[in-house]
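Here's the structure we're looking at; comments come further down.
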């Protein structure tokens, strides 16, 4: 006999607690009787009982048996009739690196999950077949062959978590699909998420408790102006803590501490810090000194922008309004017609603005689309809107920063709907007015309104929004950092070379390879191709991983059993449950509620 | 409307019954119970010397022929009967519920009242309860059974009861001797009920006692373990560890208590009978009560 849920057997240690009500029952049950004439001296005699207050009636032993059976039923005893096929899924996302107190020391959630998985496998017979899965970068099997429990335990011990956020898919659906496709008898998911719902096959074992945490959510290095030689940094720190925290922010570059600042961050608040006037270095690191749940998100890395100025290619049949961008310092603009754009594809403009036009294919450049025609690769264009009211906007977001949306009233707009992916940054009641997305290292922004011409102080909300979007493109252009798990673009396409990861691993690059996708850890990646060296910064950007106090629950749904499938278990627990219910009825007959007049 | 146990057959059989008295009382009008006075019934009582003015129809001519003396035959007078039904309406009569104990006691009283009324005698109902003791007027005639029902259904048991003082209150207002039937659970100390019964005896009443107990009083269904037993009348609490051993001892004590009551009744010339409330009322009235001599 095996137990599918052996952890429930620990509840046996709680059985002696059943004695407590009998030991401390100070207020006995009151029963009204017609006359105590014939019972008068019974009281003194019963208190002289050698057991004292402890009186164990037969009902106690019935209750003990009932609890024992219920615990056994919870442990799900089964008789195996053929080798058991199970899957162990380990959540290896960034939040699993959070430290938990255990036995006086500290262990990461991932280590706790590994221990639990090994304990779990110990209870299965050696004939069981175990598949091991990891959740990031996507839910996939680690290794191909099914393993016996002892070998699976060894492999689980060698696994490490990644600095990655979890995939946005619903775990519940994904696991149900896996159970159906691979015919697993049981799937164990070890994660730091709470669970909602229940499933016959999927068992979620949650590790870790809610913790306070602070994180650097944004770190940008830029020149104060496009032509400045000094650098400026902007750091955003978000608190996921239940109390106010005092922290120290350090900015490092060239192996030195360039700046330090003491800060106080309120509970569940964020602060933005600007640091200016420090020299240019190839790479920078921001760090907050705080004793919190997750150390990983206390660091952020950035590469300095390669050059000053922003060169933009404008494509529009009516480009007059675009010329106003030339009044912004550091912006150089070249405007061509849509027809001429097809011929100038080879031109090396780092950013493009399509005003009232759109190309047939998505350009591999940072691109702004303003009121694109219906035939465009990103959004479906909706109905015309006159002076739309802004209903909501994404915050915090670099595009909406400092914009007063109460005064933000474009004269004309069209609602947008993303075709495949992209997030709505600004929304009117009728639909999205601005949709932003990042794809293959490029940033795209589609606007359902026309922010041009740039009027400076005359239309402050729109001007701030315009500067935000230029800065957003400029950040992307500088390649200051990429998100973990996101493929990064490499320069120099012809030479062979290699990439060294922050963990010291070396990946060889083929001659034509210009995308590197093994960005599973946060830090600096060094790409070497011939004589040319390129430094890339990669950061954890999924704030859900930093929010250790409010993890998203996993929703499980009971899937109907596949007809014709035969379980390898002969389940005993339903019979034990039935027996328990019969005992409960027996107890009810034995000890019915006392009737009182 | 008569209560459920009073089926047509049961009522018919009640009609055939008559209460038996062991004393002779002075009635108020002709009836079917013998009186200590001489009267005009068929039952011969004595002879008396003839005096001028006596009705010569009652002269015993046989004695005159033998002795040449005139004697008048005397007959017993037959009068009606006054019956007093005392019903315990204290808190203990509501255990386990009033429906299960007090109502059966009322049904016994109604059956007895019906027998009395069907024989054109008089019945008066008394509720023994403190402090609000209640008594009905005298009822006579079969049709007054509905008044008896109204009187008893409007009563509800409650409160503590000291039998002797309560009976004493009622007896102060009794003017006519007759038959007294006391219906109670007698779950009081023996001196208490003995004082009460002696009061009845002192009032020159012919006494019968019907003890009413519920099944739950004979075999208390307490769960095992610690209990705080509460007296239904005095609300006094008693902590006990209830077990099979205590249950056995309780049975013994109850049996001893009932034996003591029965013995006292026998010594005092009092009819005694025990009615357990889950018994059939008709069986009790038609079989048990005639067996103890309550009915002719």
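None of the figures in this text is laboratory data; all of them are computed from the coordinates on show. On a predicted model such as this, the values are computed, not experimentally measured, just so you know. Every residue, glycine as well, gets a Cβ built from its backbone with ideal geometry; the counts of neighbours run over all protein chains shown.
Normalised by the number of residues in the stretch A:90-167, the mean separation of alpha-carbon contacts (under 8 Å, six or more apart) gives a relative contact order of 39 percent. Our Cα-only numbers for the stretch A:236-287 put the radius of gyration and Dmax at 12.6, 37 Å.
Taking the DSSP beta bridges with both ends in the protein assembly as shown, the antiparallel portion is around 60 percent.
For the stretch A:67-214, the percent of C-alpha pairs falling in each 5 Å distance bin, counted from 0 to the bin holding the largest distance, reads 2, 9, 18, 22, 21, 15, 9, 4, 1, 0, 0.
Helix A:573-590 and the longest principal axis of the Cα set of chain A meet at an angle near 50°. Each label point was placed 7 Å from the Cα along the Cα-to-Cβ direction; for residue B:51 and residue A:389 their separation is 12.3 nm. By other beta-carbon atoms within 10 Å, ranking B:11, A:381 with the fewest at the front produces B:11, A:381. Its residue count N fixes a reference of 2.2 N^0.38 Å for the stretch A:332-393, and the Cα radius of gyration divided by that reference is 1.30. Between the C-alpha center of the stretch A:93-117 and that of the stretch A:150-226 there is a gap of 13 Å. Of interest is the spacing of the C-alpha centroids, which for the stretch A:418-462 and the stretch B:207-274 amounts to 91 Å. As a ratio to 2.2 N^0.38 Å, the alpha-carbon radius of gyration for the stretch A:290-414 is 1.34. The mean count of C-beta atoms from other chains within 10 Å of the C-beta of residues in B:241-253, rounded to a whole number, is 4. Between residue B:291 and residue A:264, the distance separating the two model label sites (each 7 Å from Cα on the Cα→Cβ line) works out to 9.5 nm. When you count the other C-beta atoms within 10 angstrom of each residue and take the mean per peptide, A:231-242, A:153-164 line up highest first as A:231-242, A:153-164. Relative to the longest principal axis of the Cα atoms of chain A, the long axis of helix A:109-122 lies at roughly 40 degrees. Distance distribution P(r), the stretch A:102-169, all Cα-Cα pairs, bin width 5 angstrom from 0: 3, 15, 23, 23, 17, 12, 5, 1 percent. Based on Cα atoms of the stretch B:75-152, Rg over Rh with Rh as the Kirkwood radius reads 1.05. Inter-chain neighbour count for B:226-239: the average number of beta-carbon atoms from partner chains within 10 Å of each residue's beta-carbon is 6. Using C-alpha pairs under 8 Å with a sequence gap of at least 6, the mean separation divided by the residue count of chain A gives a relative contact order of 15 percent.
Nearest-5 percent of antiparallel DSSP beta bridges in the stretch A:110-256? Taking every DSSP beta bridge within the stretch A:110-256, about 70 percent pair in antiparallel fashion. Put simply, the C-alpha atoms of chain A give a gyration tensor, and the ellipsoid matching it has half-axes of 61, 29, 26 Å, longest first. Model label points for residue B:278 and residue A:326, set 7 angstrom from Cα along the Cα-to-Cβ axis, are 11.0 nm apart. The fewest-to-most ranking of A:457, A:365 by surrounding Cβ atoms within 10 Å reads A:457, A:365.
Using only Cα atoms, tell me the angle between helix A:149-158 and the longest principal axis of chain A; keep it within 0 to 90° and round to the nearest 10. In chain A, helix A:149-158 runs at an angle near 40 degrees to the longest axis.
Counting only other chain Cβ atoms within 10 Å of each residue's Cβ, the peptide B:99-105 averages 1.
With N as its number of residues, chain B has a Cα radius of gyration that, divided by 2.2 N^0.38 Å, comes to 1.21. Over all pairs of different C-alpha atoms in the stretch B:45-108, the reciprocal of the mean inverse distance, the Kirkwood hydrodynamic radius, equals 16.6 Å.
Residue order for A:587, A:423, fewest other beta carbons within 10 angstrom first, comes to A:423, A:587.
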